[in-house]
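J.: My questions will all concern the structure given below.
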Amino acid sequence: MNIENNEVKSLNFIEEIIEHDNETGKHNKRVLTRFPPEPNGFLHIGHAKSICLNFGLGKKYSGATNLRFDDTNPTTEKVDYVNSIQNDVRWLGFEWDGEVKYASDYFENLYTCAQTLIKKGLAYVDFSSPDDIAKQKGTPTQAGTGNAYRETSAEENLSLFEKMRKGEFKDGECVLRAKIDMASPNMLLRDPVIYRIKRAHHHRTGDNWCIYPMYDFAHPISDALEGITHSICTLEFEPHRPFYEWLLAELGLYNSQQIEFARLNLTYTVMSKRKMLKLVEKQLVNSWDDPRMPTISGMRRRGYTAKAIRDFAVAVGISKRESMLDVSLLEHFIREDLNKISKRVMAVIDPIKVVISNYETGKTELLPAENNPEDSNAGHRELSFSNTIFIEREDFNENPPKGYFKLTPNGYVRLKHAYIIKCEELIKDENGNLVEIRASYVENSKSGSDTSGLKVKGVIHWVDANNYHPVQINWYDRLLTIENAADIPEDEEFTDYINPNSLKTITAWGEKSLADAKAGEHFQFMRKGYFCVDTESAAAAPIFNLTVELKDSWAKELKKQS
RNA sequence: AGCCUGAUGAUGUAAUGGUAACAUAACAGUCUUUGAAGCUGUGUUUGUAGGUUCAAAUCCUGCUCGGGCUACCA
């Protein structure tokens, strides 16, 4: 062990379980986890946490991780989702063990397991209506009551179940139920449905089946068949665990263990597939990969890197306590990564023209600019400079508040990578609006060879008005106006809380080099924020998605003053 | 109401009976040709009441509060 790095990272509770199992030899020191998405939507940042957990555990304990699609409900599942999910897992930097697995691979095994249960007198075919089944279940405080179908013989049930498979009954006419305990304090043990009839085309098995297993039945068996040692899922499956264990024990299958942890919640967004689907269907966002979405594909398009997401997942930790993570933590990790890797460029978003009267008209100078002060290998580029430039409107203030140190009347400011200029004169229109600033430049103040001796505190970005590239910007803001979507009253819709300013499209004035920006490339627009070239933008006309703004302590100061 | 489950600063996570740590956020300062980044510093006595112990965030008991469970979804 490295002496300087003797920091012992404490184990999370799942790692403790695994290490304990390794000590007792429960699974012969083998670790095999799985990530089991249902292909009925796109993966989101919460899934990313689960992916990092499962694949991370596989890696850490020299084991492996399966990718298994939980495709037991053909009515909601699509092959498009299967593809996007695989793509997202790989993009995050993980590789599953062997072939992709599907619960549907095990439909035949699952059928046999159901027969075994029937033979043991532990499952029966029930022709009651869904309503009746619900009623017979009782309530949490009232025991349920069984019905006559509970008493059907095993032989009869076996034949009935076969008829279900053969399609001799209509959809919904009957179901196969596990026979456990109608009086159990755990509602999920009151004879749960394990097979239903559903004539729907399955994306993999086509029309081979008209009966499909329920999650509660398919999942434990799939885990056991694959020899999954630790089956990690979210808290809401906790009450399902007794059934998981009951099933594997009755079937005599591998002792996979279900472990639950708290799902991730993030402020100012929604994380349920149902709600995300609604956003897409109601066109409140443009697509599943809209950069405002908390989907992995949306975040990728927004400019998030896999590393930032992985770092975030680690920092968030694993526990059984329900939590609400502040997006600022996510933003911290993307800033941290982008700060190191992104090329600095200049772009003026809200321009005001500055004419430098003592700089020769028609002259153009090329000034060297480092691409990334954090990366000495990033090299330099050349910026063109002339007597007319654009600066940010907010970088000039005629009546500066206390502490303001950008351009003011008769004040000085440094143009990044260029000269110091002095504001000489203001040109206004008939309504008194500022339309142009006349300035002078300090000749011997060029960046890198400044002999002026002037101490100028303010440094601003700018763009040559005679040589620029117009760029389109998608300026994103948080999706919701409310921090916690769970706080929305029940009689209101979360869609009423969508931030009307979550997307603003802006045309900005960028430096010439931006014409060559490639899709997916990351930039820091100096003093503004990090941007990523949208994958849908045309080659010659890059569209820049705002990933995250740079921190702005001056803006904070201004807020305090007002 | 019955069952399950959780409670540590603003937000997360750690401390596994030995005197509360780390990250983010906030605030203050420093540095700075990005008011960015960096660097330094500041705040928690662990939901509550009691008990065990030389010693409790950790163990025990009661209470309070939060979340989940009554889909032919996963």
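The values are calculated or read from the model by the stated rules, or taken from the named source; none is laboratory data. None of these values were measured; they are calculated from a predicted model. Positions of Cβ are backbone-derived with ideal geometry, glycine not excepted, and every protein chain shown enters the neighbour counts.
J.: Would you check if A:ILE180 is more than 10 Å from RNA strand B (Cβ to nearest atom) and closer than 30 Å to A:GLU19 by Cα?
T.: So A:ILE180 fails the test.
J.: What strands (runs of 3 or more DSSP E) lie completely within segment A:381-484 and have 1 or more residues being more than 37 Å from the chain's Cα centre (by Cα) and of a type in the set (S, T, N, Q)?
T.: A:388-392, A:434-441
J.: Kindly establish whether A:ALA465 is away from RNA strand B (no atom under 11 Å from the Cβ), in contact with a Lys or Arg (Cβ under 9 Å, 6 or more places away or on another chain), in contact (Cβ under 8 Å) with a residue 40 or more places away in the chain and not assigned by TED's automatic domain parsing to the domain that holds A:PHE523.
T.: yes
J.: A follow-up question, please. What pairs can you find where one residue is in segment A:77-90 and at pLDDT below 95, the other is assigned to a helix (DSSP H, G or I), and their Cβ atoms are less than 7 Å apart, with a gap of 6+ or different chains?
T.: Pairs found: none.
J.: Still on this model: How do the pairs read when you match residues in segment A:299-328 that are touching a residue at least 60 places away in the same chain (Cβ under 8 Å) with residues anywhere that are more than 10 Å from RNA strand B (Cβ to nearest atom) and of a type in the set (Ser, Thr, Tyr), using Cβ under 7 Å and keeping only pairs 6 or more apart or on different chains?
T.: A:ARG301/A:THR535; A:ARG302/A:TYR476; A:ARG302/A:THR547; A:GLY303/A:THR547; A:TYR304/A:THR547; A:VAL327/A:TYR268
J.: When residues of segment A:346-369 are filtered for being surrounded by fewer than 16 Cβ atoms within 10 Å (Cβ to Cβ), under 34 Å from the mean Cα position of the chain (by Cα) and part of a strand (DSSP E or B), how many remain?
T.: Residues meeting the conditions: 0.
J.: Right, next: State yes or no: is A:GLU483 outside the structural domain of A:MET324 (by TED's automatic domain parsing) and acidic (Asp, Glu)?
T.: no
J.: Can you say whether A:GLU392 is within 13 Å of RNA strand B (Cβ to nearest atom), crowded, with 20+ Cβ neighbours inside 10 Å and modelled with pLDDT of 95 or more, as far as the supplied structure shows?
T.: Yes.
J.: Of the numbered conditions (1) within 16 Å of RNA strand B (Cβ to nearest atom); (2) among the hydrophobic types (A, V, I, L, M, F, W, C); (3) crowded, with 17+ Cβ neighbours inside 10 Å, A:ALA555 satisfies every one except a single condition; which is it?
T.: That leaves (3) as the condition not met.
J.: Something else now. Only one of (1) away from RNA strand B (no atom under 13 Å from the Cβ); (2) touching a residue at least 12 places away in the same chain (Cβ under 8 Å); (3) over 26 Å from A:VAL316 (Cβ atoms) is not met by A:ASP207, so which one is it?
T.: Among (1) away from RNA strand B (no atom under 13 Å from the Cβ); (2) touching a residue at least 12 places away in the same chain (Cβ under 8 Å); (3) over 26 Å from A:VAL316 (Cβ atoms), the lone unmet condition for A:ASP207 is (2).
J.: Now for a different question. Being in contact (Cβ under 8 Å) with a residue 40 or more places away in the chain, of a type in the set (A, V, I, L, M) and surrounded by 15 or more Cβ atoms within 10 Å (Cβ to Cβ): is that true of A:ILE437 here?
T.: yes
J.: How many of the residues making up segment A:23-70 are more than 20 Å from A:ARG90 (Cα to Cα) and within 15 Å of RNA strand B (Cβ to nearest atom)?
T.: 1
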